[in-house]
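Below is one structure, written out as structure tokens; comments come after it.
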């Protein structure tokens, strides 16, 4: 049973190589295979099959070269090219009776696979597997029948048993594997499309809700202003309210634009201590209103490159969230450390904290830990800005004890700072 043993060995090698190819395919970003990549893969399989074939005489090579040809022809649409590659590969081993038999079989097969490919893909998944197995079995029978004409020095029983069983079995396994992978890809694409549609729906709902509220209020006061009976001071008061509501709508739009296009408009050297002091001064009234004490530990030096306005926007969002997480009062710690490679900023509060699941979802589109009160835009903006400034974020939190954000940015040397 030498032929059977060698064909099973061929099949094992094919399975191993296809498994490696599947791992490579899984790690590809676009999850598609070009015709050239498919042809190269089939040629590698052909080379391995012929190299490890059973050679009872110099003229005869018994192997599973038929499997790459069938797979390439039916599933990848490169049947003529693979068939020609088989003939060329066999010619390397000599121009003899075996090459003549190979040419006689694979030249017509190239034409058959070329014409069969479009029809093959019109069938359903199960029919494709049956067709591939049936075609392989018929070709295997033709191969063994041709052996009786050329009379190779092998056992005919071994040849009939091996070629009737192993190629068809191999094609059945590989066809099912191809169909399984294809179904998984279709399911993945459907799920990805569904997630994108859901994100668009959430985006539309969140932005619509956040913009409608201030615009509705502004429209109400505009209608009041249309009345000529309003006193002068009321007109000014209403105009001020309209201005504030429109500014609120503008902030929502700006938050969305910052998330969708996080590129920095202007890049300058920012002294961390000075910028954070400005952010804290902006938030001081909010902190006092919530009975939150702000405690700072600033390194004497520490500068980064970034956009000043976006840097302020980022840390206003983080510190404001920290303050709102302490409705009964508490302490907000703002610390910085510096070394020649990085500047580290730590924002720590003594608020309600977050669960592990909430931490993992921070920065997701339109996810907010504030429930109906939050838009889910704030932390998206924070993550986008930090990414645009080549920084990183780490979050640690314990429910009931507080949350700690650690930001790390590449350090630069400012001409206004003493050399360390």
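The values are calculated or read from the model by the stated rules, or taken from the named source; none is laboratory data. Just so we're clear, the structure is a prediction, and the values are computed from it rather than from any experiment. For neighbour counting, all protein chains shown are included, and Cβ atoms are generated from backbone atoms with ideal geometry for every residue, glycine included.
Values as computed for the structure displayed
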{"item": "The lone exception for residue 315 - which of (1) touching a strand residue (DSSP E or B) at 6+ places or on another chain (Cβ under 6 Å); (2) buried (at least 17 other Cβ atoms within 10 Å of the Cβ); (3) at pLDDT 90 or above it fails", "result": "(1)"}
{"item": "Criterion (over 20 Å from residue 172 (Cβ atoms) and surrounded by fewer than 13 Cβ atoms within 10 Å (Cβ to Cβ)) met by exactly one of 84, 88, 50", "result": "88"}
{"item": "Lone qualifier among 142, 207, 171 - being in the same structural domain as residue 98 (by TED's automatic domain parsing), more than 20 Å from residue 126 (Cα to Cα) and either in a helix (DSSP H, G or I) or modelled with pLDDT of 80 or more (or both)", "result": "142"}
{"item": "So residue 348, is it modelled with pLDDT of 90 or more, touching a strand residue (DSSP E or B) at 6+ places or on another chain (Cβ under 8 Å) and over 27 Å from residue 267 (Cα atoms)", "result": "yes"}
{"item": "Count - residues of the stretch 265-304 that are assigned to a strand (DSSP E or B) and exposed (fewer than 13 other Cβ atoms within 10 Å of the Cβ)", "result": "3"}
{"item": "Odd one out for residue 26 among (1) closer than 18 Å to residue 180 by Cα; (2) surrounded by 15 or more Cβ atoms within 10 Å (Cβ to Cβ); (3) without any contact (Cβ under 8 Å) to a residue 40 or more places away in the chain", "result": "(2)"}
{"item": "Residue check, residue 44 in the same structural domain as residue 167 (by TED's automatic domain parsing) and crowded, with 16+ Cβ neighbours inside 10 Å", "result": "no"}
{"item": "Selection status of residue 339, in the same structural domain as residue 398 (by TED's automatic domain parsing), touching a residue at least 40 places away in the same chain (Cβ under 8 Å) and exposed (fewer than 15 other Cβ atoms within 10 Å of the Cβ)", "result": "yes"}
{"item": "Some residue of the stretch 127-140 being farther than 23 Å from residue 45 by Cβ and exposed (fewer than 12 other Cβ atoms within 10 Å of the Cβ)", "result": "yes"}
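Quick grid of which residues meet (1) under 37 Å from the mean Cα position of the chain (by Cα); (2) closer than 19 Å to residue 318 by Cα; (3) at pLDDT below 75; (4) not assigned by TED's automatic domain parsing to the domain that holds residue 352:
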| residue | (1), (2), (3), (4) |
| --- | --- |
| 250 | yes, no, no, yes |
| 275 | yes, yes, no, no |
| 278 | no, yes, no, no |
| 284 | no, yes, no, no |
| 294 | no, yes, no, no |
| 302 | yes, no, no, no |
